[in-house]
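Asker: Below is the structure I would like to discuss, written out as structure tokens.
The values are calculated or read from the model by the stated rules, or taken from the named source; none is laboratory data. These numbers come from a predicted model, not from an experiment. Cβ sites come from the backbone with ideal geometry, for glycine too, and all protein chains shown count toward neighbours.
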Amino acid sequence: MARPPAPGSVIVPDWHESAEGKEYLACILRKNRRRVFGLLERPVLPPPVAIDTASYKIFVSGKSGVGKTALVAKLAGLEVPVVHHETTGIQTTVVFWPAKLQASDRVVMFRFEFWDCGESALKKFDHMLPACKEKTDAFLFLFSFTDRASFEDLPGQLARVAGEAPGVVRMVIGSKFDQYMQTDVPERDLTAFRQAWKLPLLRVKSVPGRRLADGRTLDGRAGLADIAHVLNGLAEQLWHQDQVAAGLLPNTSENTPS
């Protein structure tokens, strides 16, 4: 695959916090709550505003219990499950995210379709993994900062899931980053992993999202601020990969450790 772009080189990183960005974010919010979109739904923008939509399928991979379902829930603005339950079958979730391109100053609506499948289901049913990988644009590999084994399993996950898909974007996310007192993955190991694999590595917290004044409803805007770096990172990697595939950018390939 192409060498990942430098962070902030493709997508304007803090655009969502600008006045213009907040106007676009309004279409994925309703009364400061995140809107939930089905597979066939999309945000409604004001008539004068016409922007292109870039759609991508993303498979979320990782050991059981690392927080795959919780991550997708956070990205979609949904309640994060308090108690871990193995995902049965395949679960799909659609997330929309507007972002501004650095090169053209153009706003694009990114549509991410996340596919999450429980580890037991993947092992039990042979057709599950091929279905998740089919026409996938990106793989998100998760590990937990509180589970050393999940970090050590990353090379195996990368080989098993993405080994035969060289043109697909690959990103790594460390969950439960806020539980630093219980971390089993020191910074030196993360540095060594980055140097060996040359992959984007992001971190997310496991703390519950902030609430509105009623104390029950998730604060949609605050939730977006918490996960904007992940959505921007995905948009950046995927848009860059598309530009390379279209021949609009040179393909500077990276060698993957064997």
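Asker: Among all residue pairs at least 6 apart or on different chains, which show Cβ distances below 9 Å where the first residue, located in the range 154-169, is exposed (fewer than 13 other Cβ atoms within 10 Å of the Cβ) and the second is among the basic types (Lys, Arg)?
Answerer: 164/133
Asker: Looking only at the range 151-191, filter to residues that are more than 20 Å from residue 233 (Cα to Cα) and of a type in the set (D, E, K, R); which one of those is modelled with the lowest pLDDT?
Answerer: It comes out as 164.
Asker: Out of curiosity, is residue 199 free of Cβ contacts under 8 Å to residues at least 12 places away in the same chain and either in contact with a Pro (Cβ under 6 Å, 6 or more places away or on another chain) or within 19 Å of residue 10 (Cβ to Cβ) (or both)?
Answerer: When the stated conditions are applied, residue 199 does not pass them.
Asker: Take the range 109-140 and flag every residue that is hydrophobic (A, V, I, L, M, F, W, C), more than 17 Å from the chain's Cα centre (by Cα) and modelled with pLDDT of 90 or more.
Answerer: Within the range 109-140, 131 is the sole residue that qualifies.
Asker: Sticking with this structure for a sec: Mind checking which pairs have a first residue in the range 238-258 that is farther than 18 Å from residue 53 by Cα and surrounded by fewer than 17 Cβ atoms within 10 Å (Cβ to Cβ) and a second that is among the polar types (S, T, N, Q) and modelled with pLDDT of 85 or more, Cβ under 8 Å, 6 or more apart or different chains?
Answerer: Qualifying pairs under 8 Å: 249/243.
Asker: Has the range 108-128 got at least one residue that is at positive phi and part of a loop (DSSP other than H, G, I, E, B)?
Answerer: No; the residues of the range 108-128 include none that is at positive phi and part of a loop (DSSP other than H, G, I, E, B).
Asker: Shifting gears a bit: Could you tell me which of the residues 104, 144 is crowded, with 17+ Cβ neighbours inside 10 Å, of a type in the set (Ser, Thr, Tyr) and farther than 21 Å from residue 165 by Cα?
Answerer: Selected residue: 144, the only one of 104, 144 that is crowded, with 17+ Cβ neighbours inside 10 Å, of a type in the set (Ser, Thr, Tyr) and farther than 21 Å from residue 165 by Cα.
Asker: Give the range 66-85 a look and list any residue that's in contact with a helix residue (DSSP H, G or I) (Cβ under 7 Å, 6 or more places away or on another chain) and under 17 Å from residue 120 (Cβ atoms), or say none.
Answerer: Correct list: 66, 81.
Asker: Also: Among the residues of the range 201-216, count how many are closer than 30 Å to residue 32 by Cβ and either part of a helix (DSSP H, G or I) or under 22 Å from the mean Cα position of the chain (by Cα) (or both).
Answerer: Of the residues in that region, 9 qualify.
Asker: Could you grab the pairs with beta carbons closer than 6 Å, sequence gap of 6+ or different chains, first residue in the range 34-51 and touching a residue at least 24 places away in the same chain (Cβ under 8 Å), second one of a type in the set (Gly, Ala, Ser) and part of a loop (DSSP other than H, G, I, E, B)?
Answerer: That search, which allows pairs on different chains as well, returns 34/77.
Asker: Quick test for you: out of 174, 209, 215, 220, pick the one residue that is of a type in the set (Gly, Ala, Ser), without any contact (Cβ under 8 Å) to a residue 60 or more places away in the chain and either surrounded by 17 or more Cβ atoms within 10 Å (Cβ to Cβ) or in contact with a helix residue (DSSP H, G or I) (Cβ under 9 Å, 6 or more places away or on another chain) (or both).
Answerer: The unique qualifying residue is 174.
Asker: Moving on to the next point. Within the range 221-233, does at least one residue satisfy the condition of being over 20 Å from residue 9 (Cβ atoms), assigned to a helix (DSSP H, G or I), touching a strand residue (DSSP E or B) at 6+ places or on another chain (Cβ under 9 Å) and not aliphatic (A, V, I, L, M)?
Answerer: yes
Asker: Being closer than 17 Å to residue 201 by Cα, crowded, with 19+ Cβ neighbours inside 10 Å, touching an Asp or Glu at 6+ places or on another chain (Cβ under 9 Å) and of a type in the set (D, E, K, R) is true for just one of 74, 68. Which residue is that?
Answerer: Step by step, each of 74, 68 is checked, and only 68 is closer than 17 Å to residue 201 by Cα, crowded, with 19+ Cβ neighbours inside 10 Å, touching an Asp or Glu at 6+ places or on another chain (Cβ under 9 Å) and of a type in the set (D, E, K, R).
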